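The values are calculated or read from the model by the stated rules, or taken from the named source; none is laboratory data. Everything quoted here is computed from the prediction, not taken from an experiment. Using ideal geometry, Cβ is built from the backbone for each residue, glycine included, and neighbour counts are taken over all protein chains shown.
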Number of protein chains: 2
Amino acid sequence: MQMVPPDFDRMFGALADHTRRDILRRAIDSEEGVAELATHYPMSFAAVQKHIAVLERAGLVTKHQVGRRKVVRSNVEGLRVARRLLGQYEELWRGRIDRMTQLVNEYTREADQ
Amino acid sequence: MQMVPPDFDRMFGALADHTRRDILRRAIDSEEGVAELATHYPMSFAAVQKHIAVLERAGLVTKHQVGRRKVVRSNVEGLRVARRLLGQYEELWRGRIDRMTQLVNEYTREADQ
DNA sequence: ACTTGATACAACCGTATGGTTGTATTTCGA
DNA sequence: TCGAAATACAACCATACGGTTGTATCAAGT
């Protein structure tokens, strides 16, 4: 299994569409084929097919042959990678707050003396 | 302060660009004006301006007049909202795993009797 | 008041994106 | 083996996106 580096442009790009997020949600808690998924949306089969392809390229879902159809499964690891990046940004923020707090503390201690 | 419902299309769309993620990162741990930010990227001032506008519409940064320029500040709450959604998807996944595990348990218990 | 620095915004251009329809290709069931 | 179901893919269209240049606004400093 080849571990490609996460492509955040594709990941967030894939998540930036309501239909695709809904497909992802469905893929998370059930196993439907492309045609079944397509029935849920007011657009052509081919359009849904393309959305699934986008999610697949982003590493958020995979397709598996089951009988005569292909079942779409979510790839949680992809979600984790994306969430982790956002977490890092928030961590960066915390770090900055800490630095500021420390500066203020040093300053007030100096003023105390 | 008016609390608008989060627009995930815009949020993830804003995050789906390397330059914008970098601007966000910079906005998180320093305070730079639009012009200063623009110096870091191999593109025109106007292009960077547009990227910042996208981040702003997505609720990920805000602009504040400071002296004669406008400083770009990150809005961590926006990041949190986005990360939380991803967390909910992962939670959904855990829920499904739990249901499957329980099914298996009930099945094997039945077989035990 | 005038100049200058910093930002905003409009118009334009090429390419990507989200949708469509139509035509293969594959695989199961009779 | 043949028909039909499920999927894939190409061609096309309208609109959005990321970039450009040019012009306008707006606040500071002299």
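Points worth noting:
- Pairs with Cβ under 6 Å, 6+ apart, first in segment A:76-105 and closer than 26 Å to B:GLY95 by Cβ, second of a type outside the set (Phe, Trp, Tyr) and at pLDDT below 95: A:VAL81/A:PRO6
- Within segment B:62-94, the set of residues being β-branched (Val, Ile, Thr) and closer than 30 Å to A:ILE28 by Cβ comprises B:VAL76, B:VAL81.
- Flag if A:HIS18 is more than 10 Å from DNA strand D (Cβ to nearest atom), over 24 Å from B:LEU79 (Cβ atoms), of a type outside the set (A, V, I, L, M, F, W, C) and within 14 Å of another protein chain (Cβ to nearest Cβ): no
- Breaking point among (1) in contact with a strand residue (DSSP E or B) (Cβ under 7 Å, 6 or more places away or on another chain); (2) closer than 27 Å to B:ASP7 by Cβ, for A:GLN49: (1)
- Selection of first residues in segment A:60-74 that are on the phi < 0 side of the Ramachandran plot and in contact (Cβ under 8 Å) with a residue 24 or more places away in the chain and of second residues that are aromatic (Phe, Trp, Tyr) and more than 9 Å from DNA strand C (Cβ to nearest atom), restricted to Cβ pairs under 7 Å at least 6 apart or on distinct chains, gives the following pairs, ordered by first then second residue: A:SER74/B:TRP93.
- Of all the numbered requirements in (1) more than 14 Å from every other protein chain (Cβ to nearest Cβ); (2) surrounded by 18 or more Cβ atoms within 10 Å (Cβ to Cβ); (3) more than 9 Å from DNA strand C (Cβ to nearest atom), B:ILE52 misses one, and that requirement is (3).
- Residue within segment B:23-37 that is more than 13 Å from chain A (Cβ to nearest Cβ) and within 28 Å of A:ASP22 (Cβ to Cβ) present: no
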